[in-house]
Amino acid sequence: MSTVYASPSEIADLVEGVNKAAASFGTAAAAQDGLRVARQNLQHEARKLLNSLEEPNGEVWPRVFQVNVSVAVEIVSQLKLWEKFEGGKEVSMAEIVEFTEADEIIIIRVFRQLTAANLFAESIGPSGPSFALTSLGKPYLHPNHRAFNNFVFFDLIPSIMAMPKTLAEKHYKAPTKETGTPFKWAHGEELWTWLGSHPDRALNMVAGMTSHNRLDAYPWGVELGKLDLKDEDVAIVDVAGGQGHIMGEIRQRNPQIKGQFIIQDLPSTFEAVPTPPTGVQFMTYDIFTPQSVKDACVYHYRHIFHNWSDDDCTTILGQIMPLLKTQPRSKLLLVDVVLPDLNGTMQEAIMDITMFPMGGMERTESQWKQLLAKSGLGIKKIWRGSEPEACIECQIA
């Protein structure tokens, strides 16, 4: 999924705006209440600059937790307005009201949230206010980003909001298999069970997860190209790989790579997909059972381990360890977030708390080392891509 950043010239203009606002401090003290106004102006210009430097797709996740903004995003989705702004189009308030048949005061208050969050730029013309998407707003043109906002807001955040109550009831103990996950504490059943009985929400989750596929941490074409693969070889087993969108994209980007691409997941995962993506095949599999494909070049787990506790992760690794010990050429790749040991960002903290309802967590590099060591594994290399996502290449310790 492509990312549209602010251009260098736009950033240069914003830097100039910050410099001008900073220079006004020199004369602000002479005017009544001038220093307060100067400080507000500088804050405003500085925020505009910082917003322009953000990675637009990456900011979709933490923004869900800004309730006023995620609510407004959802309302704009319900009103089917995003498509009106495609191609950089500027849309007037009058056009929005006419199209939606909503009360103007509702549109005013919804877009007030979105302009304050710098998803839209507002201007005033002869026909009144109008709006255009900024670089931070453009990701929402893709339905998968809107699906992610919807899934986290409606399906995960309620159990996060219940944390003060549920954690107190559990005496602030971490979830275990016996106690269940925080999602179960709040809703009476596990998230994965609930999704199985709500296929529409499961599809929404898959679409939302697809919106965060950057695929730039591991150089698939280069590394697989070193293996001299033949058509009959199993190149990759994507364990719990969902409906195959990741492997389908890797295959599409690297058509020269030979060998089979196998997607393993539960039968219910495949039910909504009539056929796998071109160049890959489906295989039913439960990650808590012994691995059935015995001679793959790569065993790949993407965004899996952050869903589970350390104990569950150790059980999952136990299903693959016998093969790794007897197949020295097989690689184990874990694509997941690797948090810094100190001074994590707000985005990273929000990603971690999002995992709480399902009993999982994001891990620091030190925590990854401790987890892998329990299974007799170490880290050979951490391949870095769009931060904080990384690809951990494991080795027998």
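Values for this structure:
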| item | result |
| --- | --- |
| Hits among lysines - C-alpha to C-alpha of Lys89 under 29 Å, sequence gap 8 or more where chains match | Lys48, Lys80, Lys138 |
| Potential lengthening between Asp286 and Gln43 on full extension [0.36 nm per residue; Cα-Cα distance subtracted] | 82.3 nm |
| Over segment 142-210, relative contact order from alpha-carbon pairs under 8 Å, at least 6 apart, % | 51 percent |
| Relative contact order (percent, whole number), the chain, Cα cutoff 8 Å, 6+ residue spacing | 13 percent |
| Charge-dipole axis of the chain as Lys and Arg at +1 and Asp and Glu at -1 on Cβ define it, positive-most pick from Ile353, Val298, Pro182 | Val298 |
| Label zone at Val67 (point 7 Å along Cα-to-Cβ), backbone N below 12 Å, segment 181-218 | none |
| Inter-site label distance for Glu122 and Glu365 at 7 Å from Cα along Cβ, in nm | 4.4 nm |
| Among 190-199, 136-145, the order from most to least packed when residues are scored by Cβ within 10 Å on average | 136-145, 190-199 |
| Structure-derived Cα extents along the principal axes in Å - corresponding label in (1) 68, 47, 33; (2) 86, 47, 44; (3) 77, 54, 48 | (3) |
| For peptides 300-311, 217-228, sequence by mean Cβ density within 10 Å, most packed first | 300-311, 217-228 |
| Cross-link table Lys294/Lys331; Lys230/Lys331; Lys258/Lys325; Lys177/Lys294; Lys184/Lys374; Lys230/Lys381, entries beyond 23 Å C-alpha to C-alpha | Lys258/Lys325; Lys177/Lys294; Lys184/Lys374; Lys230/Lys381 |
| Met321-Asp216 pseudo-label distance in nm [points 7 Å out on the Cα-to-Cβ vector] | 3.6 nm |
| Extension reserve of the Ala168-Ser24 stretch, reckoned as 0.36 nm per residue once the Cα distance is removed | 46.8 nm |
| Rough spin-label spacing in nm, given labels placed 7 Å along Cα→Cβ, for Asp228 and Glu83 | 5.3 nm |
| Mean residue ellipticity (222 nm) of the chain, computed from DSSP H runs ≥ 4 via -39,500 (n - 2.57), nearest 500 | -12500 deg cm²/dmol |
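Computed from the coordinates by the stated procedures, all read-outs in this text should not be read as laboratory data. Everything numeric in this text was worked out from a predicted model, so none of it was measured. As a convention, Cβ positions derive from the backbone with ideal geometry for all residues, glycine included, and neighbour counts pool all protein chains shown.
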